[in-house]
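Let me begin by presenting the structure, written as structure tokens, before commenting on it.
Derivation of every value follows stated rules applied to the coordinates shown; laboratory data play no part. The shown structure was predicted, so the numbers you read here are calculated from the model rather than taken from an experiment. With ideal geometry, Cβ positions are generated from the backbone for all residues, glycine too; neighbour counts draw on all protein chains shown.
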Amino acid sequence: MSVPGRHLPSRVYLILGVVCSAALAAVAWKGRTYYALPVPERPLHEAHSALRSSGLLGLPFGIAGYALIILNLGYLLRRGYVHWKWMGSLRAWMSFHVFTGIVGALLVLLHSAFLARSPMGIIASVSLWIVVLTGIVGRFIYAHVPRSVQGQELELSELTRELEEKRRALLEKGVGVQAAQGAAPTPHRGVAAALTAMVEGDRAAAREYEELSRMVMASPELAAAAGEILPLAKRFVKEKQWLSRYEELRDLMGLWRFFHRWFAIVMLAVALCHVLVATGLGGLRTGMP
Ligand code: HEM
């Protein structure tokens, strides 16, 4: 049985993500007078040679964005095919997936110079932003799907066992908590209702944890062991919520995955065509603006 501690890789990617996004936002702000111009007037701007898609900055932005989006798929390899422990936990790879997805998309936005003119460019940009937006919603649902501390999805039997182990461990430390109910059958309600139920579940878990921690801190013997009891209690209330909505959460994740996956496939296919056209036929060889 394990209880989560602070997750260093997620913090590192979060900090890196914020720093990179801020740097890219600064570039966009600095070039605002250029990006705001209509296409025919752009070549007259002094920043045109740097900021146009094939420019001194615009092109490296595109290459780096594309590379990050390809690297982004490393999460899928780690999840499905590569099970070496030294490669880090799935949780760390998920943080990498989010980091590369968001920073990659921002780089592509700067590479496009905030314009998508060709039909292929429009399809690739729209799919990319749908993938990023569904990704953000999905990351929220992902956090609610039963997982081990390392990030592997838990089967119902594993989750039930984990919960029971935590209940016993808490009891041994002198904290009696109610045994969890089994998984409820999937209620057939809409996505919005399921998401709302998820938020309510978070609130219920936070309330239960607050009550438990108040009780622990009120007793001198328990308070002395609070450092061990409270992380256990936190994980216990979270897993209890997971168990009570087990099927609904897994169904929601499955439905969401369908959209994220298919828009990702469309975006990657169109982006690949765009790269082939640009390097073979487009401005990079002909030197067009
Ligand atoms: C922009 C490039 C991105 C691409 C190409 C991409 C692609 C994918 C693909 C193909 C999957 C697998 C879906 C499946 O299981 O069938 C996936 C999973 C996922 N992605 Fe993304 N994604 C991107 C960005 C993002 C971003 C920005 C986020 C969050 C902010 C995100 C969050 C997720 C989550 C939560 C999963 C589910 C993982 C799991 O259940 O194991 N993605 N992504």
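Taking the longest Cα principal axis of the chain as reference, the axis of helix 119-142 is set at about 10 degrees. Bridging of LYS166 to lysines at a Cα separation below 21 Å is possible for LYS234, LYS238, LYS240, once same-chain residues fewer than 8 apart are set aside. Between the Cα long axis of helix 58-72 and the first principal axis of the chain there is an angle of about 30°, rounded to the nearest 10. Our analysis of the chain gives Rg over Rh at 1.09, with the two radii drawn from alpha carbon positions and Rh computed by the Kirkwood formula.
Near TYR35, once Lys and Arg are set to +1 and Asp and Glu to -1 for all other residues with Cβ below 12 Å from its Cβ, the sum equals +3. Against the chain, whose longest principal axis comes from its Cα atoms, helix 226-244 is set at around 80 degrees. With a cut-off of 14 Å between beta carbons, the residues surrounding MET87 carry a summed charge of +4, where Lys and Arg count +1 and Asp and Glu -1.
Volume per residue of the convex hull around the Cα atoms, evaluated for the range 156-244, comes out as 83 Å³.
Counting beta carbons within 10 Å around each of LYS234, LYS166, LYS85 and listing the fewest first gives the order LYS85, LYS234, LYS166.
Each Lys or Arg adds one and each Asp or Glu takes one away; over the other residues whose Cβ falls under 15 Å from the Cβ of ARG78, this sums to +3. Ranked by how many other Cβ atoms sit within 10 Å of their own Cβ, fewest first, the residues CYS20, CYS273 fall in the order CYS273, CYS20.
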